[in-house]
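The block underneath contains the structure these notes are about, expressed in structure tokens.
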Amino acid sequence: MSAPKPIQERVKLLRSAIQSYRALYHDNAESAISPEALDSLKYELAQLEEKYPELVTPNSPTQTVAGTIRPELSKVKHSVPQWSLDDAFSEDDVRSFDERVRRALGKAGRTDIPTYSAELKIDGLHIVLTYKEGELVTAATRGDGRVGEDVTHNVRTIASIPARLAEPLDVVVEGEIFMTRSGLKKLNAEQEALGKPAFANPRNAAAGSLRQLDSSIAAKRHLDAFLYDIDSTSGTLPKTQSEELVHLEELGLPVNPHRLSNASVDDVLVFWKKWSGAKREKEDYLIDGIVIKVEDAQLQELLGYTGKGPRFAIAYKFPAEQVTTIVEDITLQVGRTGVLTPVAHLRPVSVAGTTVARATLHNEDFILEK
């Protein structure tokens, strides 16, 4: 199916907007729109590229890992490529992921019925830690997936990350650096007292803190971490994702306690629902979804990777409070008193768990501002 001209223009616009918002975050730790709104732009682009595959390009945001390198920080070449996950926004997306996994395994001659692990997706900054003979030697950001920034000096100030492991292994592990809700509250009170602008959210604050040249600044920023993956090890690699998390704990690394092991897709969806409501607000860190991974490490290796991320994992996001959509038409509605109210007819979009297709445009100042 050849893409109509309006679709081609929409794809160009989406790519430009996504790249601009990504650059603003990765270069300046700032967000012009909410992470959920950016997710909705990326999702729309992915849907259009799936429908019109001839529009896919190697440098599309759907095919590349987001990240830049600050020139003032040293570069670190990753020993193992760093990936980003595809997103799911509905139960249908998750079941489609399961179907893709089963089809791929079937094509490879496997009859296994895959089971999954599920972990909370922490809203923070990706980190890669390298230990030599049990000693922390390097901490790096993801960067562009091949090269990251050396932030070892700042990571050493995070109390939960050990300088020495419980075993003298050569190991590379991945995880997430984050700022707690309470930490952000304290930091913004300090910023206000100094007459400086407050940070918009813990994610931006964590990113800005981790990329400081002065480690004394990061030391005051209430940073914490959870680790969730072993890239390589001089020891024996665990056979499942769940065993991997246990091994990380045994090494003395911080691991999130809330997780699901050896689960069916239905079990995973129940886990997501359990955490999608008020329960996640009780934790002192931001959670924006769950990460679903094929449990068996051998099957993970068999499924492999696309140019951007693993085929064996997906991030199932929680319902967004802000999303983007398109105003397809505006009509006038006549009220009982004869007052005319403009009504926007929107491309249907899911927000806060509800599908929205219409919106009254009663506030002219707000409309002009947007």
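The values are calculated or read from the model by the stated rules, or taken from the named source; none is laboratory data. Predicted model only: the values in this text are computed from it and were never measured. Counting neighbours? That spans all protein chains shown, and the Cβs are built from the backbone with ideal geometry, glycine included. Side chains are part of the model used for accessible areas, which takes the heavy atoms of the whole protein and leaves out ligands, DNA and RNA. Shrake-Rupley method; radii C 1.70, N 1.55, O 1.52, S 1.80 Å.
The set of residues in the stretch 252-297 that are at pLDDT below 95, more than 19 Å from the chain's Cα centre (by Cα) and among the aliphatic types (A, V, I, L, M) contains only 278. Just the residues that are polar (S, T, N, Q) and open to solvent by 80 Å² or more (accessible area, probe 1.4 Å), please, taken from the stretch 334-353. The one that is polar (S, T, N, Q) and open to solvent by 80 Å² or more (accessible area, probe 1.4 Å): 337.
So, of the residues in the stretch 258-290 that are of a type in the set (Gly, Ala, Ser) and assigned to a strand (DSSP E or B), which turns out to be surrounded by the most Cβ atoms within 10 Å (Cβ to Cβ)? Let's see the steps before the verdict.
Going through the stretch 258-290, the residues of a type in the set (Gly, Ala, Ser) turn out to be 261, 263-264, 276-278, 289.
Right, trim to assigned to a strand (DSSP E or B) and you get 261, 263, 289.
Numbers: 261: 17, 263: 19, 289: 24.
Top of the filtered list is 289.
When you look at residue 148, is it at pLDDT below 95, open to solvent by less than 10 Å² (accessible area, probe 1.4 Å) and in contact with an Asp or Glu (Cβ under 7 Å, 6 or more places away or on another chain), yes or no?
Numbers: at pLDDT below 95: yes; open to solvent by less than 10 Å² (accessible area, probe 1.4 Å): yes; in contact with an Asp or Glu (Cβ under 7 Å, 6 or more places away or on another chain): no.
So residue 148 does not fit the description; no.
Among the residues of the stretch 198-257, those identified as part of a helix (DSSP H, G or I), open to solvent by less than 20 Å² (accessible area, probe 1.4 Å) and farther than 30 Å from residue 296 by Cβ are 202, 204, 205, 206, 207, 208, 209, 210, 218. Within the stretch 156-188, track down each residue that is touching a residue at least 60 places away in the same chain (Cβ under 8 Å) and polar (S, T, N, Q). Residues satisfying the conditions are 157, 160, 180, 182.
For the stretch 68-85, the tally of residues that are surrounded by fewer than 19 Cβ atoms within 10 Å (Cβ to Cβ) and under 19 Å from residue 314 (Cα atoms) stands at 4.
Of the residues in the stretch 99-109, none is touching a Ser or Thr at 6+ places or on another chain (Cβ under 7 Å) and either among the β-branched types (Val, Ile, Thr) or open to solvent by 40 Å² or more (accessible area, probe 1.4 Å) (or both). Consider residue 115 carefully, then state whether it is open to solvent by 10 Å² or more (accessible area, probe 1.4 Å) and in contact with a Leu (Cβ under 8 Å, 6 or more places away or on another chain). Against the criterion (open to solvent by 10 Å² or more (accessible area, probe 1.4 Å) and in contact with a Leu (Cβ under 8 Å, 6 or more places away or on another chain)), residue 115 does not qualify. For the stretch 165-193, filtered to residues that are over 23 Å from the mean Cα position of the chain (by Cα) and within 18 Å of residue 219 (Cα to Cα), the residue that is surrounded by the fewest Cβ atoms within 10 Å (Cβ to Cβ) is 189.
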